[in-house]
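K.L.:
This is the structure, below, for whatever I ask next.
The values are calculated or read from the model by the stated rules, or taken from the named source; none is laboratory data. What you are looking at is a predicted structure, and each value in this text was computed from that prediction instead of being measured. Virtual Cβ from ideal backbone geometry, glycine too; neighbours counted across all protein chains shown. With ligands, DNA and RNA removed, areas are computed over all heavy atoms of the protein, side chains included. Shrake-Rupley method; radii C 1.70, N 1.55, O 1.52, S 1.80 Å.
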Amino acid sequence: AALKKRLVKLVVNFLFYFRTDETEPIGALLLEHCRITKEEENVFSISFMEEPERKYCFECDSEEQCQEWIEALKRASYEFMRRSLIFYRNEIQKMTGKDPLEQYGISEEARFQL
């Protein structure tokens, strides 16, 4: 596949990509159930569990930039945020004996259970 120069922008768990001369995105990847892999120097890929044979490769300007993108993308998924929330909720509960979500009336919701 030919390399194309794209601008990419991460917004919560969507990775938007743009042509360099346009302000409207030409597409977006939803970063859920995906695998972020370091390929070679300056290159990482995103592949999805639904279609593992299809891979989106991104080449960065530097090794450092590549690592930063990989870290940011791994942190971007809803699943990651949910697990973090549950982890901190449990830690706070251990320290204070109180469920921090109780005051919001959401402590019984299934999505906040392990």
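K.L.:
Mind listing whichever residues of segment 26-45 are more than 22 Å from Glu63 (Cα to Cα) and open to solvent by 60 Å² or more (accessible area, probe 1.4 Å)?
P.N.:
Of everything in segment 26-45, those that are more than 22 Å from Glu63 (Cα to Cα) and open to solvent by 60 Å² or more (accessible area, probe 1.4 Å) turn out to be Ile26, Leu30, His33.
K.L.:
What is the one condition in (1) loosely packed, with under 10 Cβ neighbours inside 10 Å; (2) of a type outside the set (Phe, Trp, Tyr); (3) within 30 Å of Glu40 (Cβ to Cβ) that Met81 does not satisfy?
P.N.:
In the conditions (1) loosely packed, with under 10 Cβ neighbours inside 10 Å; (2) of a type outside the set (Phe, Trp, Tyr); (3) within 30 Å of Glu40 (Cβ to Cβ), Met81 misses (1) alone.
K.L.:
For segment 46-67, what are the residues that are modelled with pLDDT of 95 or more, loosely packed, with under 14 Cβ neighbours inside 10 Å and under 17 Å from the mean Cα position of the chain (by Cα)?
P.N.:
Gln65
K.L.:
Being within 24 Å of Met49 (Cβ to Cβ), open to solvent by 70 Å² or more (accessible area, probe 1.4 Å) and either part of a strand (DSSP E or B) or in contact with a Lys or Arg (Cβ under 6 Å, 6 or more places away or on another chain) (or both) is the filter here, so list the residues in segment 10-25 that pass it.
P.N.:
Pass one, segment 10-25, residues within 24 Å of Met49 (Cβ to Cβ): 10-17, 25.
Next, only the ones that are open to solvent by 70 Å² or more (accessible area, probe 1.4 Å) stay: 12, 14.
The answer is Phe14, and nothing else.
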